[in-house]
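Novice: Pasting in a structure now, in structure tokens, and then I'll have a few things to ask.
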Amino acid sequence: MATLSFDIDAVIAGRARLTEGQAMELFAHPSLHDLGDWANAMSQRMHPQDYRTYVIDRNINYTNICTAKCTFCAFRRDHGDADAYTLDHDAIGRKIEELVAIGGTQILMQGGMNDALPIEYYEKLLRFIRERFPGVHVHAFSPPEFVEFERFFSLDVREVIRRLRAAGLATIPGGGGEIFTPRVRRRIGLGKCTGDDWLRVMRVAHEEGMNTSATMLIGHIEFLRERVEHMSALRDMQDYALALGRGQDDQSRRTIDAVKQRRPGVFEKSPLLERPVKTGSYTAFIHWPFQRENTPLGRADEWDESRHGPFDESTNEDVLRGRVVRMAGAHQYLRTLAIARLFLDNVASLQSSWVTMGPKIGQMALFFGANDMGSVMMEENVVSAAGTTYKLSEREICRLIRDAGWIPAQRDQYYRVLRRHDGPDAPDLRPVEHPPVRNVRRIDKRTVGSAPGLDESPDAAVRRQLPILSGKELEPGR
């Protein structure tokens, strides 16, 4: 086991908090096995239940027209492209009907930043969904979309959030987080909001009493320290949201003031207009590796230490300017997940990213700090456009959770358990109505190399086949 400069047991027990320097130490030294043990222990402390959760929802990408030109994206289109689209209410309604038919409870609705859509499009769409599907939770519109709404509609994000919430928006997803560092965002997110603006949207949402999620994209041009800086900003803003919700005690005021001093750019716009009655927070953190297929960034050179130098301390212009990518596979994904669990001590849930990593690494994530398998996700368009096409049914997700040692449980967006699957009617335990049947060709004596007959031994079968050889094949030396 690696020797650390700090007491990891105190972090696991909740008596101490990781510093950014200590998080970098975890990236550099401990084995993946040690990190997994520590993160799993912390996850078990925070989630001692005998179950692990998942949600049944559907990704609905209402438009692929986008003013941003993110170099990691293969989904966006321009106005006038042959395959550009914006879905109408009926098309979205049909997708939700299919979701409800399989027991789904929510939609994750995001799109490109389409400057041709007025705010009334979104308000009418949300009212349509609320009226036609009152039981479906709407988790929609990422912070970059809100920042563009401000520009398109000449409104502050607080007013946009209030109007969309009144129309039926329930929570906000964390899409578009990528990496907050300006160096990275300038290179990979052309036309997309800054990291401070992303955090500002979520700050306002929390002040308005809405819950959100948080994300991070790894395995492209970011340094490891920039991953840590990203998580540090999220932890600070979660401290702010939780302190705001606690009230006017001295400790809460000190926390709020300290975060404002550390993150001034997050508070420059959208001032808090009144003391919030109820606040929201980040309910979950999700990270995943960049998928390079079909993307402009994917054509960049892959990092080679012998050629480019150490990535995290590099002075190589190709690395600094984002011309080199360092892809993240299963090892980096799990390592970052474990460190995120240890670092984000104020974010309750971490999701497994099986959509990009596949079912088995997704299952392994449950032992590296994740307590949730994410969504059945009956539809996904953005990641799959970049070449990743993993899909799992509810039955398969339940089996992965059960095989890992927990009871599968369906949840809602607030991580409240809707159904525990500990009986014979569980999705993974029910007999399949029409199981697949193998089409095995019958082998008979006319087939060369046939299986032994019922009345002969394997040796006899071998002797029976020898006459078909010419004899030369059995000569010594051949």
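The values are calculated or read from the model by the stated rules, or taken from the named source; none is laboratory data. Please read all numbers here as calculations on a predicted model, not as lab measurements. In this analysis, Cβ positions are derived from the backbone assuming ideal geometry, glycine residues included, and neighbour counts consider all displayed protein chains. When the accessible area is computed, the model is the full protein with side chains, heavy atoms only, and any ligands, DNA or RNA have been set aside. Shrake-Rupley method; radii C 1.70, N 1.55, O 1.52, S 1.80 Å.
Novice: Could you tell me how many of the residues in segment 173-185 are in contact (Cβ under 8 Å) with a residue 60 or more places away in the chain, under 20 Å from PRO296 (Cβ atoms) and either among the charged types (D, E, K, R) or open to solvent by less than 10 Å² (accessible area, probe 1.4 Å) (or both)?
Specialist: Matching residues across segment 173-185 total 3.
Novice: Here is a follow-up. Has segment 152-170 got any residue that is part of a helix (DSSP H, G or I), touching a strand residue (DSSP E or B) at 6+ places or on another chain (Cβ under 7 Å) and either over 21 Å from TYR282 (Cβ atoms) or open to solvent by 10 Å² or more (accessible area, probe 1.4 Å) (or both)?
Specialist: No, there is no match, as no residue in segment 152-170 is part of a helix (DSSP H, G or I), touching a strand residue (DSSP E or B) at 6+ places or on another chain (Cβ under 7 Å) and either over 21 Å from TYR282 (Cβ atoms) or open to solvent by 10 Å² or more (accessible area, probe 1.4 Å) (or both).
Novice: Of the conditions (1) basic (Lys, Arg); (2) open to solvent by 10 Å² or more (accessible area, probe 1.4 Å); (3) at pLDDT 90 or above, ARG227 fails just one. Which one is it?
Specialist: Going through the list (1) basic (Lys, Arg); (2) open to solvent by 10 Å² or more (accessible area, probe 1.4 Å); (3) at pLDDT 90 or above, ARG227 breaks only (2).
Novice: If you don't mind, another one. Can you pull out every residue in segment 83-141 that is hydroxyl-bearing (Ser, Thr, Tyr), in a helix (DSSP H, G or I) and open to solvent by 30 Å² or more (accessible area, probe 1.4 Å)?
Specialist: Scanning segment 83-141 gives a single hit, TYR121.
Novice: Does segment 211-231 contain any residue that is closer than 23 Å to LEU273 by Cα, out of contact with any helix residue (DSSP H, G or I) (no Cβ under 7 Å at 6 or more places or on another chain) and not basic (Lys, Arg)?
Specialist: yes
Novice: Is there a residue being among the small types (Gly, Ala, Ser), within 18 Å of SER232 (Cβ to Cβ), open to solvent by 50 Å² or more (accessible area, probe 1.4 Å) and at pLDDT below 95 anywhere in segment 5-21?
Specialist: No, the conditions are met nowhere in segment 5-21.
Novice: Moving on to the next point. Between a residue in segment 335-356 that is under 17 Å from PRO173 (Cβ atoms) and any residue that is among the aliphatic types (A, V, I, L, M) and part of a loop (DSSP other than H, G, I, E, B), which pairs come within a Cβ distance under 8 Å, given they are 6 or more apart or on different chains?
Specialist: LEU350/LEU344; LEU350/ALA370; GLN351/ALA370; SER352/ALA370; VAL355/MET377
Novice: What do you reckon, is THR279 modelled with pLDDT of 90 or more and either in a loop (DSSP other than H, G, I, E, B) or within 27 Å of the chain's Cα centre (by Cα) (or both)?
Specialist: Criteria met by THR279.
Novice: Looking at segment 270-304, which of its residues are loosely packed, with under 15 Cβ neighbours inside 10 Å and basic (Lys, Arg)?
Specialist: If the condition is that a residue be loosely packed, with under 15 Cβ neighbours inside 10 Å and basic (Lys, Arg), then ARG275, LYS278, ARG299 are the ones that fit.
Novice: Let me ask you something else. Of all residues in segment 383-411, which are assigned to a loop (DSSP other than H, G, I, E, B) and modelled with pLDDT under 95?
Specialist: ALA386, GLY387, THR388, THR389, TYR390, LYS391, LEU392, SER393
Novice: Six or more apart or on different chains, Cβ atoms under 8 Å: show the pairs whose first residue is in segment 242-258 and of a type in the set (Val, Ile, Thr) and whose second is at pLDDT below 90.
Specialist: none
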